[in-house]
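Notes for the one structure printed next.
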Amino acid sequence: MKELVIISGKGGTGKTSLIAAFSSLAEDKVLCDADVDAADLHLIMNPTTKERHDFQSGHEAIINADKCTQCGVCRDLCRWNAVREDFTIDSLDCEGCGVCVYFCPEKAIDFPIKTCGEWYISETRFGPMVHARLGIAEENSGKLVSQVRQEAKKLAEAKGIELILTDGPPGVGCPVIASLGGANAALIVTEPTVSGRHDMERAAQLADFFRVPVMVCVNKADINPEAASDIRRFSEEKSYAFLGTIPFDPVFTKAMVAAQTVFEYDQRSEAAGAISKIWNALKAKMES
């Protein structure tokens, strides 16, 4: 079994549209949407949910008014100022550190585990898919990313599928770190801009740290051919596999609006042709 994770140093580079397009080309795969903070692969895949599970992580303090003597210890110790004057907890300010629970002399504070979101196993027109949704303003997205990837691997093993296509989160934070560990390769989708190259370099450094082989492609390459060429040269200098470029093509947006992949919407488009070449180069790298 091999897992390809598609990441980007910033949001909006087109990685979700690209992995949706790859799903049209790959014969046998499990789709995994690990961008749990802003999941959107389901908008194109239109999945039918087969299993739904709660994601629980972290704790939240709750003061039991019947036991509380309002001694003030919890208010004095809470560095987040989450304990109100009436000795109730502000759930938005509470970080779940537990200091109030441990030092309350009356043992008047409960500390239940929180339900932060949900994860799903679904079926799509392109095969099985594992995805999730983190609750609004909830944390521990890195842990949910790991959960989603583990479930995708279990599903692939159960079905005898040898490829997992993972839509990773943008940036270089905890969710991205959780999406990279143990992956067979990372494809970084970037744009031909100064910020695009900068963010791509940071994502590549992160993948290097985890010893995940890096591949690079440039989306909207024709809006700044010189910058796209610079990214190619940089990739070659760093021994990153440069898979190719994708031109700016309105078909990407039109396909998204139609909830289709690029190939479903217009397989004769410039973008579809470029993506086909990138997919062939990617397969060759993954199989070598």
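For segment 61-111, the dipole from Cβ point charges (+1 on Lys and Arg, -1 on Asp and Glu) about the Cα centre works out to 140 debye, to the nearest 20. Which residue, GLN260, GLN147, GLN70, has the most motion in a Gaussian network model of the chain that connects Cα atoms within less than 10 Å? Between GLN260, GLN147, GLN70, it is GLN70 that shows the largest mean-square fluctuation. For the chain, complete DSSP H runs whose alpha carbons reach 24 Å or more along their own long axis and whose mean Kyte-Doolittle score is -1.0 or higher are 141-159, 270-287.
Its Cα centre serving as origin, the chain has a Cβ charge dipole (Lys and Arg +1, Asp and Glu -1) of approximately 700 debye. Taking a ≥ b ≥ c as the square roots of the Cα gyration tensor eigenvalues, with a/c under 1.5 meaning rounded and otherwise prolate when a/b beats b/c, else oblate, which class fits segment 151-288? It is oblate, given that a/c is not under 1.5 and a/b is not larger than b/c.
With semi-axes defined as the square roots of five times the eigenvalues of the C-alpha gyration tensor, the equivalent ellipsoid of segment 11-80 measures 46, 16, 9 Å, largest first.
Eigen-decomposition of the gyration tensor built on the alpha-carbon atoms of segment 241-286 gives equivalent ellipsoid semi-axes of 21, 11, 8 angstrom, largest listed first. Of ALA152, ALA228, ALA255, the residue with the greatest mean-square motion in the GNM of the chain, using alpha carbon springs below 10 Å, is ALA255. Normalised Debye scattering of segment 61-111 at q = 0.16, 0.20, 0.26, 0.31 Å⁻¹ gives log10 I(q)/I(0) of -0.34, -0.54, -0.98, -1.51, counting only Cα atoms as equal scatterers and leaving out solvent. The count of lysine pairs in segment 127-252 whose Cα atoms are under 29 Å apart, excluding pairs fewer than 8 places apart on the same chain, comes to 4. When the P(r) of segment 116-160 is calculated, the portion above 18 Å amounts to 31% of the C-alpha pairs. Each Lys and Arg contributes +1 and each Asp and Glu -1, all at the Cβ; summed about the Cα centre of segment 1-116, the dipole is approximately 240 debye.
If R0 equals 35 Å, the separation of the Cβ atoms of LYS67 and ALA38 corresponds to a calculated FRET efficiency of about 0.30. The convex hull defined by the C-alpha atoms of the chain has an orientation-averaged projected area of 17.5 nm².
Helices in the chain, meaning DSSP H runs of at least 4 residues, each add -39500 (n - 2.57). Divided by all residues, the mean residue ellipticity at 222 nm is -11500 deg cm²/dmol.
Taking Cβ separations below 4.7 Å as the criterion for a possible disulfide partner, the isolated cysteines in the chain are CYS32, CYS68, CYS71, CYS78, CYS94, CYS97, CYS104, CYS116, CYS174, CYS217.
A convex hull fitted to the Cα coordinates of segment 51-182 yields 141 cubic angstrom per residue. Restricting segment 196-283 to trypsin sites (Lys or Arg not before Pro) that sit in a DSSP loop and have at most 12 other Cβ atoms within 10 Å of their own Cβ leaves ARG211, ARG268.
Every read-out reported here was derived from the displayed coordinates using simple, explicitly stated rules and does not represent laboratory data. Note that this is a predicted model, so its numbers are computed, not measured. Neighbour counts are summed over all protein chains in view; Cβ atoms, including those assigned to glycine, are modelled from backbone coordinates with ideal geometry.
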